[in-house]
1. Which residue, chosen from SER74, ALA44, SER125, occupies the Cα position most advanced towards the positive end of the dipole of the chain, where the dipole is computed from +1 (Lys, Arg) and -1 (Asp, Glu) charges on Cβ about the Cα centre?
2. Divide by every residue of the chain the summed helix terms, -39500 (n - 2.57) for each DSSP H run of at least 4, and state the resulting mean residue ellipticity at 222 nm, rounded to the nearest 500 deg cm²/dmol.
3. Using the Cα centre as the reference, give the magnitude of the dipole from point charges on the C-beta atoms of the range 1-123 (Lys, Arg: +1; Asp, Glu: -1; all else neutral), rounded to the nearest 20 debye.
4. Excluding HIS58 itself, what net charge comes from residues whose Cβ is under 13 Å from its Cβ, given Lys and Arg +1 and Asp and Glu -1?
5. With a 1.4 Å probe and every protein chain kept in, tell me what percent of the accessible surface of the chain is carbon plus sulfur.
6. Over the range 1-119, average the accessible area per residue using a 1.4 Å probe and give it in Å², no decimals.
7. Grab the Cα-Cα distance for GLU93 and SER113, subtract it from 0.36 nm times how many residues apart they are, and report the gain in nm with one decimal.
8. Just to check I understand the Karplus step: with θ = phi - 60° and J = 6.51 cos²θ - 1.76 cosθ + 1.60, what whole-Hz values come out for the range 63-68, glycine and proline as x?
Amino acid sequence: MVKSKQNNQQMPNEHLHELFLDELKDILGAERQLLKGLKKMSKATENSQLKKAFDKHHNQTEGQIERLKEVFGSLGITARGKTCKAMEGLLKEADEIIENFEGDPALDAALISAAQKVEHYEIASYGCLTTFAKLMEHTEAEQLLRQTLDEEKQTDTLLTEIAISAVNESV
């Protein structure tokens with residue numbers, strides 16, 4: 001029987017516990033992988049607003065990794081990530097975009113597309129994790145994960161704004 005660290009009683013919805021831990025390891029690995037990808041995308045972009053957004057999200061991602069470590073700590077577990085196959089694929093696609101669109105006027109639009117795919121993956125992951133934490137009454141973990149979920153949504157919105165205002169239409 002899985003016990004909650006918070007009240008040392010049976011955890012509600014304990015059938016989600018192993019899935020929750022596996023998803024936490026996956027997103028921790030994904031965030032670590034993303035740090036390298038964001039540097040590459042920032043270096044490749046020609047738009048100063050987009051470069052600034054990538055750099056800001058790189059800094060946020062570092063904070064999100066620290067927050068994930070807090071989530072693991074709130075559960076009494078050592079923070080360990082694993083290679084995230086989804087992020088690996090999304091970043092490989094971003095690398096291909098950089099290679100295929102280098103020097104092309106559509107490069108920045110393609111980079112935004114790649115970055116938003118990453119954001120949508122993260123939004124889906126953090127949305128599920130937040131729900132799992134709530135259902136298992138991991139209150140501290142839920143709050144930390146929700147904070148990251150909100151940041152990911154803000155980044156997605158920012159990328160859309162940059163696409164609409166500065167990148168997608170030719171000047």
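The values are calculated or read from the model by the stated rules, or taken from the named source; none is laboratory data. Just so it is clear, the structure is predicted and the values come from calculations on it, not from any experiment. Glycine also receives a Cβ, built like all others from the backbone with ideal geometry; neighbour counts cover every protein chain displayed. Calculation scope for accessible area: heavy atoms of the full protein, side chains included, ligands and nucleic acids excluded. Shrake-Rupley method; radii C 1.70, N 1.55, O 1.52, S 1.80 Å.
1. Comparing the listed Cα positions along the dipole, SER74 ranks first.
2. Here the helix-only value at 222 nm equals -26000 deg cm²/dmol.
3. 540 debye
4. That sum, taken over residues with Cβ under 13 Å, equals +4.
5. Roughly 49 percent, rounded to a whole number.
6. Roughly 54 Å² per residue, with all protein chains present.
7. Fully extending the segment from GLU93 to SER113 adds 6.2 nm.
8. x, 5, 5, 5, 5, 4
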